Every structure is written in C-alpha cells, then in structure tokens.
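These notes concern the structure reproduced below.
We did not get these values from a lab; they are worked out from the coordinates using the rules stated. Computed from a predicted structure; not experimentally measured. With ideal geometry, Cβ positions are generated from the backbone for all residues, glycine too; neighbour counts draw on all protein chains shown.
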Ligand code: FES
C-alpha cells in the first residue's frame with residue numbers, strides 16, 4: 001500500500017467516491033455565510049456527495065448511495081501561494097464558508113490534492129462542490145442550481 005501524500009499548512013484531500021478531508025496545522029474553521037462559526041478542528045471531513053444528513057460534514061452516506069466520483073482533476077485556476085513564513089503555521093488557518101444550497105467557498109492558501117497524489121494544485125481561493133452534481137469535481141460548476149441542491 002502506498003502512503004497517501006500530505007502537505008504542510010492547509011490542505012484538502014479529495015477522496016475517491018468520498019469526502020473532502022480538510023487539514024490545517026492551525027485550524028480548519030467552518031463558518032456559515034454570515035461568518036458564524038460552525039466547527040473548528042485540525043482535520044474535518046466535508047460531504048461532497050450531497051447526501052449527508054449532517055451537512056456540511058460527511059456522515060458516511062456516500063457509501064450507502066454508492067457515490068461515484070473520481071479523485072483526480074485538472075485546475076485551470078491554479079495559483080502560486082504567497083511566500084511562506086519560517087513558522088510551521090505557514091499561511092494561517094483554513095477558512096471554509098458553507099454557502100446555503102450551494103458550494104464550499106475557500107479563502108485561504110492551501111494545497112488541494114487527490115489521494116493518489118496524481119493531481120495537486122495550490123490556491124488562495126476557490127469554490128468546491130458539495131452537491132455531488134458538478135461535472136468538474138472537486139470544483140463547483142454551478143450544477144447545484146440545476147439539481148435543486150438543498151443543504
Ligand atoms: S455545489 Fe455542486 S456544482 Fe456547485
């Protein structure tokens with residue numbers, strides 16, 4: 001078995017057929033659209049199949065619903081991250097905003113990668129799909145409107 005890759009600072013790992021594993025050396029902060037704290041941990045699994053009964057968190061529903069979504073991706077909007085400090089804390093916490101009936105918005109420097117390590121990108125912002133319907137997973141392509149996602 002090969003070791004899954006890991007990255008210092010903030011990162012999000014795309015698990016095949018499963019959730020987004022969000023990690024930070026400081027904290028992963030999940031907030032609602034008004035900026036109210038939902039949860040804060042060093043590592044959190046966020047639903048990307050759209051079926052969790054505990055959104056935005058993964059509750060394992062992807063297994064029951066046989067959610068099929070690859071882990072690999074290409075990113076046309078990849079960005080270089082700002083210069084890292086000498087501290088291990090690097091770029092501060094990973095802040096993710098849960099938009100009602102829509103995407104996860106990221107506004108923090110981070111590395112996004114597939115569990116097999118074949119896809120890797122860096123970003124300071126972005127929108128990730130949590131409805132399960134995007135044709136450009138893990139990114140949001142606004143399919144949440146067509147599929148009538150609620151959550
Ligand atoms: S949240 Fe899935 S396409 Fe936007």
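Restricting attention to the range 18-39, the residues being touching a helix residue (DSSP H, G or I) at 6+ places or on another chain (Cβ under 9 Å) and away from the ligand (no atom under 15 Å from the Cβ) number 1. Evaluate the following for residue 25: is it surrounded by 13 or more Cβ atoms within 10 Å (Cβ to Cβ) and in contact with a strand residue (DSSP E or B) (Cβ under 7 Å, 6 or more places away or on another chain)? Criteria not met by residue 25. Being without any contact (Cβ under 8 Å) to a residue 12 or more places away in the chain and surrounded by fewer than 18 Cβ atoms within 10 Å (Cβ to Cβ) is true for just one of 41, 72, 3. Which residue is that? On inspection, the qualifying residue turns out to be 3.
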